[in-house]
Amino acid sequence: MTPTSPDIKIRCENISKTFIQKGHMEVPVIRDVSLDVRENEFLVVLGPGQCGKSTLLRIIAGLETPDTGSVTLDESPVTGPGPDRGMVFQSYMLFAWKTVLSNVELGPKLRGVPKDQRREIARKYLELVGLSSFEKHYPHQLSGGMKQRVGIARAYANDPKIMLLDEPFGQLDAQTRMFMQVETARIWDQEKRTVIFVTNNIDEALYLGDRIVLMRGKLPGVIHHEYLVDLPRPRDHTNMDLLRMRAKIIDETELVL
Amino acid sequence: MNQTASVANETVDYGRQREPLSLLRLVTNLYFLYSVSLLSFFVIWDRVAEYHLLGDALVRPHLVALQLYQLTQMKFAGQNLMGHIWASTQRILVGFSIASVIAVPLGLFMALNKYANAIVKPVFDLFKPMPPIAWVSISILWFGIGEASKVFIIIIGTFVPCLLNAYNGVRLVEPELYDVVRVLGGKRRDEIVQVCFPASFPAIFAGLQISLSIAWTCVLAAELMSSRDGLGFLIKRGMDTHKPALVLGGMVLIAVAAWSTSQILGLVERKICPWKRSIENL
Amino acid sequence: MAYQEVKVKTPLSMIVLPVASICSFFLIWEGLVDFGFVPETLLAAPSQVFNTMVVKLSDPNPDGAVLAVHAWTSIQEAFLGYILSLVIGIPLGLAMGWFKVVEGLTRPVFEMIRPIPPIAWIPLTVFWFGIGLTGKVFIIWIAGIVPCVINSYVGVRMTNPVLIQMARTYGATNWQIFTQLCIPSALPMVFGALQIALAYCWTNLVGAELLAADTGLGYLITMGGRLMRPDIVVLGMISVGLSGAVIGVIIDAVEKKLLAGIRR
């Protein structure tokens with residue numbers, strides 16, 4: 001375990017969740033997961049497909065309620081979704097009928113921020129993700145990487161304490177993905193937040209994470225390893241220490257074929 | 001149903017572009033084929049009519065054109081041509097507007113409220129398989145042979161697809177989009193306003209297009225049964241007085257009118273949902 | 001993996017409400033007529049309709065045929081027209097989707113005829129074929145062929161182009177690609193047309209019979225209207241709706257069976 005510090009932001013205690021599939025099958029998805037996340041920490045949840053990591057993230061977001069256990073944020077329990085946690089979705093989930101700008105300003109709009117102010121906020125974050133000149137475009141006119149940058153800006157525009165990213169680059173090609181990782185590191189550096197980043201890509205995890213938790217590769221998901229990545233940023237994919245750690249993680253990844 | 005062209009995935013055959021102009025290329029040129037097709041259609045029609053292969057019930061194309069020209073020049077049963085076209089179109093506009101104003105909100109409401117759905121859907125399902133034209137007789141019994149009975153049939157016919165498409169439009173919304181609104185701090189009301197309504201727009205418009213084509217069938221049926229003006233009346237009069245030119249002229253007019261209204265509706269849709277292309281090109 | 005099975009109950013209100021809804025619909029209808037809120041010349045109560053149905057099972061009066069004869073005539077016409085539109089429409093649509101020459105030669109004519117509502121053909125068919133079976137089959141055929149052609153055409157056009165290129169590199173001929181690749185991949189779309197075409201056929205059957213017929217369910221409805229007998233009109237409407245729904249269910253079952261065969 002990481003040394004307990006007073007600035008714990010999120011605490012998950014003994015979370016379990018079972019889904020009912022096809023109306024009658026009970027599928028246990030995660031079992032007994034406990035996890036602490038410190039303030040402004042970049043935590044990566046690493047695991048292969050179908051290991052319950054997205055469900056864990058959705059529970060923290062408040063989109064699902066755990067069967068047992070609890071999530072606390074700043075020592076108050078999480079009971080539902082709220083604007084203090086921003087989320088970025090794997091399949092972008094942009095509103096096709098809104099322009100880029102209206103997509104980004106949706107969060108402030110829902111909270112009742114006046115038009116001028118929310119425009120300003122939205123423009124600020126569009127600039128942060130480098131899409132200032134695209135504010136009048138519709139999502140279908142953008143590439144995958146650009147769409148996800150809109151998704152990130154949208155989450156940021158609500159000024160959340162926590163950013164939850166659910167395999168955000170899973171649908172991008174390898175090069176765009178690498179570029180987006182660099183961008184994510186840059187944006188996080190400029191606008192520090194507590195981040196929980198779910199991925200199935202080891203390099204992505206090592207490039208971005210302060211800390212990596214590794215989940216077991218079959219259901220029900222449990223956390224079975226944890227790594228502190230104490231390397232200077234910006235990181236280099238070919239750094240020796242990083243590669244050594246990579247080998248270690250691969251060794252300890254429980255592969256289910 | 002105009003999407004056929006945009007759905008097509010054409011493979012580009014680059015080899016063919018460098019081929020020199022030849023007879024074969026001309027023969028397989030699409031526009032050449034289109035002209036051949038249209039030309040032979042009219043020539044065959046003309047020949048069949050000329051030699052009375054279908055009795056005297058088919059007239060040569062130019063006679064149909066002449067008939068239409070005459071209709072623009074003189075009054076027929078108290079109305080000129082525009083009057084008849086407008087009579088039918090007006091019925092459609094009235095019936096179609098009433099039906100869509102009631103059916104679309106009802107469909108949305110049924111999709112959003114399971115109790116409303118449980119109450120309305122069974123009764124709706126009773127009426128669904130009944131063809132709208134089957135209502136012609138009862139609507140004449142109820143409303144006489146005036147405007148009301150015709151508008152009523154159009155309402156009945158267009159109600160079902162409007163409601164069904166609005167309903168399915170909401171049911172088929174990607175559920176994760178609701179999560180986005182919830183995560184951003186939205187309430188149930190925001191989910192409906194920000195996601196449900198805009199996301200079901202394309203489905204609603206598809207329903208309106210289907211409704212429109214049904215509306216033309218309905219107005220035609222009603223006018224064939226009993227009327228004093230309208231395109232159906234022209235066709236019926238042509239039938240009763242055994243004037244094939246008038247019947248064919250009426251068919252041409254109705255095709256043009258039906259096609260135009262659906263084009264206009266498509267235009268409105270493109271104006272209201274400029275983003276819709278993204279879904280079609282998926 | 002063996003997961004535990006659980007039973008999920010449907011909430012009671014979701015069972016009660018639909019049943020209550022249907023029951024109250026019929027009760028209100030019955031009540032409206034029985035207690036004189038709606039004059040009997042305008043609407044017949046469900047009980048009256050039922051009585052008329054029992055009578056019409058054996059009595060050809062006042063419209064000239066018993067119910068079974070009307071229904072049989074309609075089903076015969078609809079079935080013939082439907083089958084004809086499938087037999088001609090589907091191959092035509094498939095060919096239009098693949099062969100440029102076929103598309104070029106047929107598409108303009110098809111597009112010209114498509115916006116004409118099928119019942120607009122009634123006068124011409126009466127001129128050509130009289131008021132017998134042929135004319136109605138023709139109208140139903142016109143109605144059913146449109147969705148058949150469109151769906152088959154779109155089905156072929158939606159064949160994955162990469163698969164077509166793959167077949168080309170393996171040296172398949174044009175005809176082989178069409179029969180071995182495009183047609184099978186278009187089949188789900190083609191089956192989708194079965195239901196749509198049926199609905200079109202059934203709707204237009206009633207239209208065809210309203211104007212030019214001497215038996216058939218549409219004719220029964222028209223006669224009921226002329227004789228000012230709402231019970232006969234409603235009986236006709238219910239018979240049309242019911243037989244349409246039954247045929248729809250049958251087609252649906254056939255479609256499921258065929259599709260299951262493909263997936264295997």
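Tabulated data for the structure shown
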{"read-out": "Paramagnetic reach from C:I15 in region B:96-125 [backbone N under 18 Å; point 7 Å along Cα→Cβ]", "value": "B:115, B:118-119, B:122"}
{"read-out": "On Cα atoms only, tilt of A:144-157 relative to the major axis of chain A in degrees", "value": "90 degrees"}
{"read-out": "Coarse-grained scattering of chain C at q = 0.11, 0.13, 0.15, 0.16 Å⁻¹, given as base-10 log I(q)/I(0) from a Debye sum over alpha-carbon atoms", "value": "-0.79, -0.95, -1.09, -1.15"}
{"read-out": "Cβ-Cβ FRET estimate between B:S22 and C:S24, R0 fixed at 60 Å, reported to 0.05", "value": "0.20"}
{"read-out": "Convex hull volume per residue in cubic angstrom - Cα atoms of region C:139-180", "value": "60 Å³"}
{"read-out": "Inter-site label distance for C:V54 and B:V193 at 7 Å from Cα along Cβ, in nm", "value": "5.8 nm"}
{"read-out": "Selected from B:Y34, B:Y178, B:Y69 as most flexible by GNM, with chain B as the system and alpha-carbon contacts under 10 Å", "value": "B:Y34"}
{"read-out": "Charge dipole magnitude, Cβ of K and R +1, D and E -1 - region B:156-282, Cα centre, debye nearest 20", "value": "200 debye"}
{"read-out": "Most mobile listed residue (C:V16, C:V156, C:V49) in chain C, GNM with C-alpha springs under 10 Å", "value": "C:V16"}
{"read-out": "Top positive-direction residue, dipole computed over chain C with Cβ charges, set C:G64, C:N204, C:P108", "value": "C:P108"}
{"read-out": "Proximal lysines to B:K236, defined as alpha-carbon separation beneath 20 angstrom and excluding residues fewer than eight positions away on the same chain", "value": "B:K75, B:K150, C:K136"}
{"read-out": "0 to 90° range, to nearest 10: angle between helix B:231-240 axis and chain B longest Cα axis", "value": "40 degrees"}
{"read-out": "14 Å beta-carbon shell around C:G104, net charge (K/R +1, D/E -1)", "value": "+1"}
{"read-out": "Gyration tensor (alpha-carbon) shape descriptor, region A:186-257, a/c threshold 1.5", "value": "oblate"}
{"read-out": "Filter on A:K147/A:K248; A:K109/B:K187; A:K53/A:K161; A:K147/A:K192 - keep pairs with C-alpha separation over 24 Å", "value": "A:K147/A:K248"}
{"read-out": "Cα→Cβ-extended label distance, 7 Å offset, between A:H225 and A:K124, nm", "value": "4.1 nm"}
{"read-out": "A:G221 long-range amide H proximity, modeled H, under 5 Å", "value": "A:I30, A:R31"}
{"read-out": "Backbone HN-Hα couplings from phi across region A:239-248 [Karplus 6.51/-1.76/1.60, Hz, Gly and Pro as x]", "value": "4, 4, 4, 5, 5, 4, 5, 4, 4, 5"}
{"read-out": "Backbone HN-Hα couplings from phi across region C:76-86 [Karplus 6.51/-1.76/1.60, Hz, Gly and Pro as x]", "value": "4, 4, 4, 5, 4, x, 5, 4, 4, 5, 5"}
{"read-out": "Long-range HN-HN contacts of A:F19 with modeled amide H, under 5 Å", "value": "A:V27, A:V29"}
{"read-out": "Per residue convex hull volume, Cα atoms of region B:107-197, in Å³", "value": "102 Å³"}
{"read-out": "Translational diffusion of region A:36-105, µm² s⁻¹ [Kirkwood Rh, Cα pairs; Stokes-Einstein; 4 °C; 1.567 mPa s]", "value": "91 µm²/s"}
{"read-out": "Prolate/oblate/rounded call for region A:76-182, Cα gyration tensor, a/c under 1.5 rounded", "value": "oblate"}
{"read-out": "Student exercise, region C:44-263 dipole from Lys, Arg, Asp, Glu Cβ charges, in Debye to nearest 20", "value": "660 debye"}
{"read-out": "Relative contact order [Cα under 8 Å, 6+ residues apart], region B:67-280, whole percent", "value": "25 percent"}
{"read-out": "Proximal charge balance of A:P234 [Cβ under 13 Å; K/R count +1, D/E count -1]", "value": "0"}
{"read-out": "Counted charge near A:V29, where neighbours are those whose Cβ lies closer than 13 Å (Asp, Glu -1; Lys, Arg +1)", "value": "+2"}
{"read-out": "Per-residue ³J(HN,Hα) for region B:200-208, Karplus 6.51 cos²θ - 1.76 cosθ + 1.60, θ = phi - 60°, Hz, x for Gly and Pro", "value": "8, 3, x, 5, 4, 5, 4, x, 5"}
{"read-out": "Magnitude of the charge dipole, region C:198-264, Cβ model with Lys/Arg +1 and Asp/Glu -1, debye to 20", "value": "340 debye"}
{"read-out": "Semi-axis lengths, Å, chain A, gyration tensor of Cα atoms, sqrt of 5 times eigenvalues", "value": "29, 22, 18"}
{"read-out": "Long-range HN-HN contacts of A:F197 with modeled amide H, under 5 Å", "value": "A:L43, A:V44, A:V45, A:L165"}
{"read-out": "Three-way shape call for chain B based on the alpha-carbon gyration tensor, with the a/c threshold at 1.5", "value": "oblate"}
{"read-out": "A versus B: buried accessible surface, summed, Å² (probe 1.4 Å, to nearest 100)", "value": "2100 Å²"}
{"read-out": "Accessible surface buried once C binds A (1.4 Å probe; total of both sides; Å²)", "value": "700 Å²"}
{"read-out": "Over the protein assembly as shown, volume per residue of the alpha carbon convex hull, in Å³", "value": "224 Å³"}
{"read-out": "Cβ-based charge dipole, chain C, positive-most Cα from C:L217, C:G93, C:L43", "value": "C:G93"}
{"read-out": "Choice from C:V146, C:V234, C:V109 with maximal GNM fluctuation in chain C (Cα, 10 Å cutoff)", "value": "C:V109"}
{"read-out": "Label zone at A:H237, where the point sits 7 Å out along the Cα-to-Cβ direction: region A:204-219 residues whose backbone N lies under 16 Å", "value": "A:204-209"}
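The values are calculated or read from the model by the stated rules, or taken from the named source; none is laboratory data. Just so it is clear, the structure is predicted and the values come from calculations on it, not from any experiment. Ideal geometry is used to build each Cβ from the backbone, glycine not excepted, and the neighbour counts take in all protein chains shown. Keep in mind that these areas ignore ligands, DNA and RNA; they rest on the heavy atoms of the full protein, side chains included. Shrake-Rupley method; radii C 1.70, N 1.55, O 1.52, S 1.80 Å.
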